[in-house]
Amino acid sequence: MRRAIYPGSFDPITYGHLDILSRALRIFDEVIIAVARNENKSPLFTQEERVSLNREAIRELPDHERVKVGSLNGLLVEYAKEKEAATIIRGLRAVSDFEFEFQLALMNRKLEPKIDTIFLMPKDNYTYLSSSIIKEIAKMGGNVDCFVPPCVQKALKKKIFHTNL
Ligand code: ADP
C-alpha cells in the first residue's frame with residue numbers, strides 16, 4: 001500500500017488543493033489530508049471546521065474513497081510514521097513557493113531520513129490561487145465560485161456575513 005500525507009492549513013480548501021490531491025491519487029493508493037491546527041496563522045475556520053469542509057469537498061473527486069482526512073497537531077514526520085506513510089505531498093505554484101518548501105522538505109528529511117517530500121504542480125489556471133486570496137475576495141463580497149467547491153462557498157458566506165444563503 002503506497003500511502004502519502006498531504007499536509008496544510010486548508011483555510012479553506014480550494015480547487016488548487018483538490019487538483020494536487022487528484023494528481024497524488026494517480027501515484028499513491030491512499031492519500032491522507034492532514035489539516036494542521038496552525039493557530040499562529042490565525043485561521044478563519046477552526047481546525048474542526050476545516051476537517052469537515054475537506055471531507056465534504058473531496059466528495060467531488062471520483063477516487064475520494066482513497067482519501068482520508070485527519071487533524072495534525074504535532075510533528076508532521078511523526079504523524080507520517082504513525083500512519084505508515086513514507087511520502088509527504090506538497091504543491092508548488094511558483095518559484096516563490098520554492099524556497100520555503102525546500103527548507104521544510106530538507107528539515108523533515110533531517111528529522112526522519114526515510115520520509116521524502118514530493119512536489120506536484122497544479123493545472124496552470126490554479127497557479128495563482130491561494131486560500132488567503134480567496135478569503136480576501138470573499139470578505140470584500142467578490143465571487144469565488146470558480147475557485148472553491150460549493151460547500152466552501154457556503155461556509156465562507158456563513159463565516160464572513162453570518163448568512164445561510
Ligand atoms: P500551508 O499553510 O501548509 O502552506 P496551505 O493550505 O496554504 O497550507 O497549502 C498546503 C499545500 O498545498 C502547500 O504545499 C501549498 O503549496 C499547496 N497549495 C495551496 N494552494 C495551491 C494551489 N492553488 N495549487 C497548488 N498547490 C497549492
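Out of the range 1-16, which residues are within 6 Å of the ligand (Cβ to nearest atom) and crowded, with 24+ Cβ neighbours inside 10 Å?
Of everything in the range 1-16, just one residue is within 6 Å of the ligand (Cβ to nearest atom) and crowded, with 24+ Cβ neighbours inside 10 Å, namely 10.
Kindly establish whether residue 10 is farther than 17 Å from residue 115 by Cα and either among the acidic types (Asp, Glu) or in contact with a His (Cβ under 7 Å, 6 or more places away or on another chain) (or both).
Here the answer is yes, as residue 10 does meet what is asked.
State all residues of the range 21-53 that are within 10 Å of residue 10 (Cα to Cα), among the β-branched types (Val, Ile, Thr) and in contact with a helix residue (DSSP H, G or I) (Cβ under 7 Å, 6 or more places away or on another chain); if no residue qualifies, say none.
33, 35
Restricting attention to the range 116-141, which residues are under 25 Å from residue 102 (Cβ atoms), open to solvent by less than 50 Å² (accessible area, probe 1.4 Å) and of a type outside the set (A, V, I, L, M)?
117, 122, 126, 130, 131
Being modelled with pLDDT under 95, within 12 Å of the ligand (Cβ to nearest atom) and not hydrophobic (A, V, I, L, M, F, W, C), is that true of even one residue in the range 85-93?
The first filter runs over the range 85-93 and keeps only residues modelled with pLDDT under 95, leaving 93.
Checking which are within 12 Å of the ligand (Cβ to nearest atom) leaves us with 93.
Still in the list and also not hydrophobic (A, V, I, L, M, F, W, C): 93.
Yes; the residues of the range 85-93 include at least one that is modelled with pLDDT under 95, within 12 Å of the ligand (Cβ to nearest atom) and not hydrophobic (A, V, I, L, M, F, W, C).
Would you be able to tell me the number of residues in the range 39-76 that are over 13 Å from the mean Cα position of the chain (by Cα), buried (at least 20 other Cβ atoms within 10 Å of the Cβ) and under 14 Å from residue 7 (Cα atoms)?
The qualifying residues number 1.
Of everything in the range 20-38, what is open to solvent by less than 20 Å² (accessible area, probe 1.4 Å), assigned to a helix (DSSP H, G or I) and within 12 Å of the ligand (Cβ to nearest atom)? Give them in sequence order.
Answer for the range 20-38, where residues must be open to solvent by less than 20 Å² (accessible area, probe 1.4 Å), assigned to a helix (DSSP H, G or I) and within 12 Å of the ligand (Cβ to nearest atom): 20, 21, 24.
If you take the residues of the range 84-115 that are surrounded by fewer than 16 Cβ atoms within 10 Å (Cβ to Cβ) and basic (Lys, Arg), which of them is farthest from residue 18 (Cα to Cα)?
Among residues in the range 84-115 that are surrounded by fewer than 16 Cβ atoms within 10 Å (Cβ to Cβ) and basic (Lys, Arg), the one farthest from residue 18 (Cα to Cα) is 110.
Which one of these is hydrophobic (A, V, I, L, M, F, W, C), in contact with a Pro (Cβ under 6 Å, 6 or more places away or on another chain) and under 21 Å from residue 131 (Cα atoms): 120, 76?
Values: 120 fails: in contact with a Pro (Cβ under 6 Å, 6 or more places away or on another chain).
Going through 120, 76 in turn, the sole match is 76.
The values are calculated or read from the model by the stated rules, or taken from the named source; none is laboratory data. Owing to the predicted nature of the structure, the values given are computational and were not obtained by experimental measurement. Methodologically, a virtual Cβ is constructed for each residue, glycine included, from the backbone with ideal geometry; neighbour enumeration extends over all protein chains shown. We work out accessible area using only protein heavy atoms, side chains counted, and drop any ligands, DNA or RNA first. Shrake-Rupley method; radii C 1.70, N 1.55, O 1.52, S 1.80 Å.
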